[in-house]
Ligand code: AQP
């Protein structure tokens, strides 16, 4: 079977190194192997309140980040979710066969709604129906995501099977693609929670952070009660998280990292880690500044991505409407 890849980032802020390590870095490699669609999921972003002006800016900045990390518009479609309305239409249809109990089980909904208290919109609850639509609309076979999105991809698989059984074979059942190390980068100030764009600034390193800020954030990052640089996610979750970042920034494996810092303390390790992150982000930041200076080219790339995605989405929705019996023949 020919593989098709789909994934996205919410334009809720500048992506952080967790997004890069868990998702974007993989995308840049995978685009060379498979047909790929990379979406800026602005409709997902509004499931929590956004400032409209900032959102529009974040959409363009996220597109620039996609290009800066190496996505090549000649190899993949880069587009904005809300510009392909079939995502919403399919989301509504899939929502009619999703169970409330399935949505209530979603960890992301439980976590985010706990934070928001009374102020939770229905969109946050039905987020997984939109995510299932994003994926199924294109007969996606592979979904490269961080571990936090695994539960949503599982639900998309369930819904694809349910739709196929209710209405006849229509959707491909997708597979998640999760990295072995780095699928969940944890917050720098609390290794129990994942690094998130909406966390406190000290909890994440954004792809646009300056060297000084990176050094400060890493030096302040929480460590464990021990003092050895040893990879043990149970006994030393904080240092193991930092080692995972170091592994991705340098390509060294955990044994090599442990050997490098034998007899040295956390201070030496953190200084080396900050240098490695600065070096990892430098070429991305240079390219990012170039793309941000050329909004016309960015617009051209997003238009072409939208047109390519719309063509596929339009064809699929014709079949879906017919299977469900919507409209007229
Ligand atoms: N900490 C992480 N480690 C590894 N992968 C991660 N991803 C997200 N966080 C980590 C992966 O990045 C892709 C885009 O995710 P997102 O746009 O949902 O970004 P976010 O930072 O995770 O945002 P939040 O926390 O859900 O919400 P906001 O924006 O409100 O802060 C996905 O593949 C995700 O798995």
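The values are calculated or read from the model by the stated rules, or taken from the named source; none is laboratory data. Bear in mind that the values here come from a model prediction, so they are computed numbers and not experimental data. Cβ placement follows ideal geometry from the backbone for every residue including glycine, while neighbour counts extend to all protein chains displayed.
Taken over region 291-329, the criterion of being in contact (Cβ under 8 Å) with a residue 24 or more places away in the chain and under 21 Å from residue 75 (Cβ atoms) is satisfied by 291, 298, 301, 302, 304, 305, 306, 308, 309, 310, 312, 313. When each of 117, 70, 146 is tested for being within 20 Å of the chain's Cα centre (by Cα) and at positive phi, the lone residue that passes is 70.
For beta carbons closer than 8 Å, sequence separation of 6+ or different chains, a first residue in region 33-58 that is under 18 Å from residue 112 (Cα atoms) and a second that is part of a strand (DSSP E or B), the qualifying pairs are 41/8; 41/9; 42/80; 44/8. Could you say whether any residue in region 86-95 is within 16 Å of the ligand (Cβ to nearest atom) and either crowded, with 18+ Cβ neighbours inside 10 Å or at pLDDT 95 or above (or both)? Scanning region 86-95 turns up at least one residue that is within 16 Å of the ligand (Cβ to nearest atom) and either crowded, with 18+ Cβ neighbours inside 10 Å or at pLDDT 95 or above (or both). If you go through region 176-187 and keep only what is over 20 Å from residue 157 (Cα atoms) and free of Cβ contacts under 8 Å to residues at least 40 places away in the same chain, you end up with 180, 187. Taking the criterion of being surrounded by 16 or more Cβ atoms within 10 Å (Cβ to Cβ) and under 30 Å from residue 38 (Cα atoms), would at least one residue in region 219-237 satisfy it? So far as region 219-237 goes, no, none of its residues is surrounded by 16 or more Cβ atoms within 10 Å (Cβ to Cβ) and under 30 Å from residue 38 (Cα atoms).
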